[in-house]
Amino acid sequence: MSRLCGIIGIISQEPFTSQEVLSRLKKLEYRGYDSWGYWNGKTLTRKTGKIAVFDDKEPVTAAMAHTRWATHGGVTEANAHPHRAGDVTIVHNGIIENWQELRHDLEAAGATFRSETDSEVIAHLVRRLRTQHESMENVLAALTEAVQGTFATLIMVDGDPHLYAAKRDSPLALGVCDGRMILASDIYAFSDATQRAIFFENDEYAIVSATGYRFFKHGAPVAKEPHTFTWAAMEEDKREHAHFMLKEIDEEPAALARLIASLTGEQRADYGKLVALIRGAQKVVFTAAGTAYHASLLGASFLHQQGVDAQAIIASEFENFITVDEGTLVIAVSQSGETMDVIEALKYSKERGATLAAIVNVPYSTIERMSALSLQILAGQEVAVASTKAFTNQAAVMLALAQSFGYANGLAALPEKLGTVLALEPAVRALAKRLSPQRDLYVLGRKLGYPVAREFALKIKEISYIHAEGMMGGELKHGTIALIEQGVPVVALVYDGDPKMRSNAQEVRARGADVITVGTREEDDFTLPAASEAEFAVLAATLGQLLAYHLAKELGRPIDKPRNLAKSVTVL
Ligand code: M6R
């Protein structure tokens, strides 16, 4: 998802300490991880870097914390959240568009700002609004009116036994526990504590205590009931892994088997409805970002091969590259279900009368709730920043959909075949060791291998920080080949000895490239057990994830966080 920030607030009858808040905040670190902060009602802690333990054992009954991905203002302690103004403390995820005007007015009225962020205006504004309104209910109403832009914000006032929350466009959920409420950017943060959640709609704000809540919108009360979600803690049976990324790659066979069972079981009806929507649409447009976009490219290609007019458009450029209307089915693909660019593309499509569907991992996410119909990929929680098992399951949903249009595939056999790919790990580790001194790497693919080449390269860039380009084999000669010289590593994805890919591999080999072939034949450097090009695409992507992981490990990059979060926080 587009990284912005993660927020969490806990209010409880039973006291708790910073350790619990930070272990929950850790679960949101995938949203942003350049700085973080914590407020326990008395002391403010703000740090740059990834969330780390700190020795605050003071029991409290309300606290909040924030993990940041800087958008306004550099990565400094002063710019980290929470922000304070007088007796008001806030955390914020989103972008306040009119922050400069607001700041100007507030400064003119005497406020002193201490950060370069847009978010700090919320603290000062609440402080000022409290002098103008008697109740916090009215303060929040005035706040949501005054602020333009996107926000999920939590507010605490010194000496006031409530947590206050408001949201527009940025995600915010309230986890309802016995004698405790947890407000967070998504249900990851509390899914081990409760399976009952209330999702904020735009412009809603709430007054929350340890035992209750009141919701409002534009000054009027809103009745809200918790939803029960069943997705939580599917990965309880954690094995010992050095990193979440590796753990999540290892979970792929199990996660895929779970999805396949669900598509013929509990999700069967929705699966059938999505097939019917595709059949009835004049054209199908997948929209997504990053890894999910690569899975979408696969989906578009599978359907296209079956005569369906399907394409995949990167969400952030959606309106510049596609026309949508009442005849269009727009399918958003998103692990988190919260990626802002995708949400914007859906809004744009809805305004033009398109039908919206979603393929998501996180249930009740914004994208799921915006869509008329949604399929869940059931990958389980992805804690690592790198999306791995979600890609596999997104691609599998695409395959399953295409199957209804006559596209033959071996979905049922794929979990076992993924296991075979995972068994190649020692060879992948050896390759990573060999490639780790390199600064650049190229990945070439054709047809279904093209999206996989891009995904392969994205993972390597994101995790190992080696520059990697994934491209169409046929496009190489149109410029990029100039960069291929002696010793440059080129991974060629060659399904079943595809002669065109072989010839692309030959072109770069002739220039001295260190060519590594990933294919399905004995002579390939890595032989994958794929019986079709589609299977090859899924399996090769997993091999790329493993390579990215081992390159990063070899180079000592910060891959993710330690596997056992709860444990790592308890040892404080
Ligand atoms: O949550 P989403 O699937 O919408 O996120 C989209 C991308 O930000 C995401 O896939 C990103 O590219 C991955 N972290 C890459 O590993």
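Since every read-out is calculated from the coordinates, none of them should be taken as a lab result. Quick caveat: nothing in here was measured; it's all calculated off a predicted structure. Reconstructed Cβ throughout: ideal geometry from the backbone, glycine too, with neighbour counts over all protein chains shown.
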Cα centroid of the range 347-391 to Cα centroid of the range 536-553, whole Å: 24
Once the Cα gyration tensor of the range 254-320 is diagonalised, semi-axes √(5λ) in Å: 23, 16, 11
Rg/Rh ratio calculated on Cα atoms of the chain (Kirkwood radius): 0.99
Stretch gain in nm, segment E344-D87, where the contour uses 0.36 nm per residue and the Cα spacing is subtracted: 89.0 nm
Rounded to 10°, Cα long-axis angle of helix 533-554 versus longest principal axis of the chain: 60
Bridge type composition, the chain - antiparallel percent by DSSP, nearest 5: 60
Protection-proxy order for peptides 178-189, 97-108, each taking the mean of Cβ atoms within 10 Å per residue, highest first: 178-189, 97-108
Estimated inter-spin distance, Q438 and K224, nm [label 7 Å along Cα→Cβ]: 5.0
K42/F321 FRET efficiency (R0 51 Å; Cβ-Cβ; nearest 0.05): 0.50
Computed over the chain: relative contact order in percent, which uses C-alpha pairs under 8 Å that are six or more apart: 11
Helix axis angle, 99-108 relative to the chain longest principal axis, alpha carbon, degrees: 20
The range 138-236 - percent relative contact order, Cα under 8 Å, separation 6 or more: 25
Angle between the chain longest axis and helix 499-510 axis [Cα atoms, degrees, rounded to 10]: 90
MRE, 222 nm, helices only [DSSP H, n ≥ 4, -39500 (n - 2.57), over the chain, to nearest 500]: -11000 deg cm²/dmol
Alpha-carbon spread of the range 187-313, three principal axes, descending order, Å: 54, 45, 29
Amide N of the range 18-56 lying under 16 Å from the label point, which is placed 7 angstrom from the Cα of A78 along Cα→Cβ: 46-48
Taking N as its residue count, the alpha carbon Rg of the range 325-445 over 2.2 N^0.38 Å: 1.32
Virtual spin-label span in nm between E266 and V53, 7 Å along Cα→Cβ: 3.5
Sites T71 and S404 - FRET efficiency at Förster radius 41 Å, r taken between beta-carbons, to 0.05: 0.50
Using a Förster distance of 22 Å, the FRET efficiency for A427-E554 (Cβ separation, nearest 0.05): 0.95
Value of D in µm² per second that Stokes-Einstein yields for the range 489-540, Kirkwood Rh from Cα pairs, at 37 °C (0.692 mPa s): 301
Two-decimal log10 I(q)/I(0) for the range 25-93, as the Debye equation yields it once each C-alpha is a single scatterer, q = 0.27 Å⁻¹: -1.32
